[in-house]
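Here is the structure we will look at.
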Amino acid sequence: MSQSKVDVWVGLFVLLGILALVFLALRAGNLASYSWAPTYAVDAKFHNIGGLKARAAVKSAGVVVGRVEGIRLDPHTYEAVVTLNLNQAFEFPADSSVAILTSGLLGEQYLGLEPGSDDRMLAAGDTIAYTQGAIVLENLISQFLYSMADDRGSSSSNPPAASGSTP
């Protein structure tokens, strides 16, 4: 095999490696599924967004219908305001609800949009009123431990009933 053929094969191999790295970088940055479709922006307020990040998916019935545009803190209510860019092909009733959900073992968070039943549809600039924040695993564990400790504390503070006594 001539030197020029070896150089071509090595160059092709290096090019494929670079393309693979670019693909992985786009997937890690959640940019591989970028859409050029027209969108409209709506807001949702949450008490706790957990690990939600910009560019996270907005799903309805498991179908990606939009992306998280940005996250900011409302200086008056101290709530997180999440801006969603929804695909214009999908219209949702104004009384729809949105919840922060977790998918998979790695814990990637996304927004789950549940359609309501209102006749009026969400429009650009609207705010989704019905929201459910992220469930923080550490809070659930601490609540469980405190309830277990409380149950043990209350059972030991009550003296056992005397056995063998007749009323």
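Structure notes:
- The combined condition, being assigned to a strand (DSSP E or B) and either closer than 20 Å to ILE135 by Cβ or polar (S, T, N, Q) (or both), is fulfilled by VAL81.
- Number of positions in the range 44-78 that are outside any loop (DSSP other than H, G, I, E, B) and touching an Asp or Glu at 6+ places or on another chain (Cβ under 9 Å): 5
- Of residues in the range 84-95 being part of a loop (DSSP other than H, G, I, E, B) and in contact with an Asp or Glu (Cβ under 6 Å, 6 or more places away or on another chain), the one least open to solvent (accessible area, probe 1.4 Å): ALA94
- Complete set of residues in the range 60-83 that are open to solvent by 50 Å² or more (accessible area, probe 1.4 Å) and either touching a residue at least 60 places away in the same chain (Cβ under 8 Å) or of a type in the set (Gly, Ala, Ser) (or both): ALA61, GLY62
- When the range 108-124 is filtered for residues that are over 16 Å from the mean Cα position of the chain (by Cα) and either closer than 17 Å to ARG67 by Cβ or free of Cβ contacts under 8 Å to residues at least 40 places away in the same chain (or both), the ones remaining, listed by number, are GLY116, SER117, ASP118, ASP119, ARG120, MET121, LEU122, ALA124.
Yes/no per residue for (1) modelled with pLDDT of 90 or more; (2) of a type in the set (Ser, Thr, Tyr):
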residue: VAL64; (1), (2): yes, no
residue: PRO75; (1), (2): yes, no
residue: SER97; (1), (2): yes, yes
residue: ASP119; (1), (2): yes, no
residue: SER147; (1), (2): no, yes
residue: PRO167; (1), (2): no, no
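The values are calculated or read from the model by the stated rules, or taken from the named source; none is laboratory data. Just so we're clear, the structure is a prediction, and the values are computed from it rather than from any experiment. Glycine gets a Cβ as well: all are built from the backbone with ideal geometry, and neighbour counts include every protein chain shown. The protein model used for the area step is the full one, side chains on, heavy atoms only, and it has no ligands, DNA or RNA in it. Shrake-Rupley method; radii C 1.70, N 1.55, O 1.52, S 1.80 Å.
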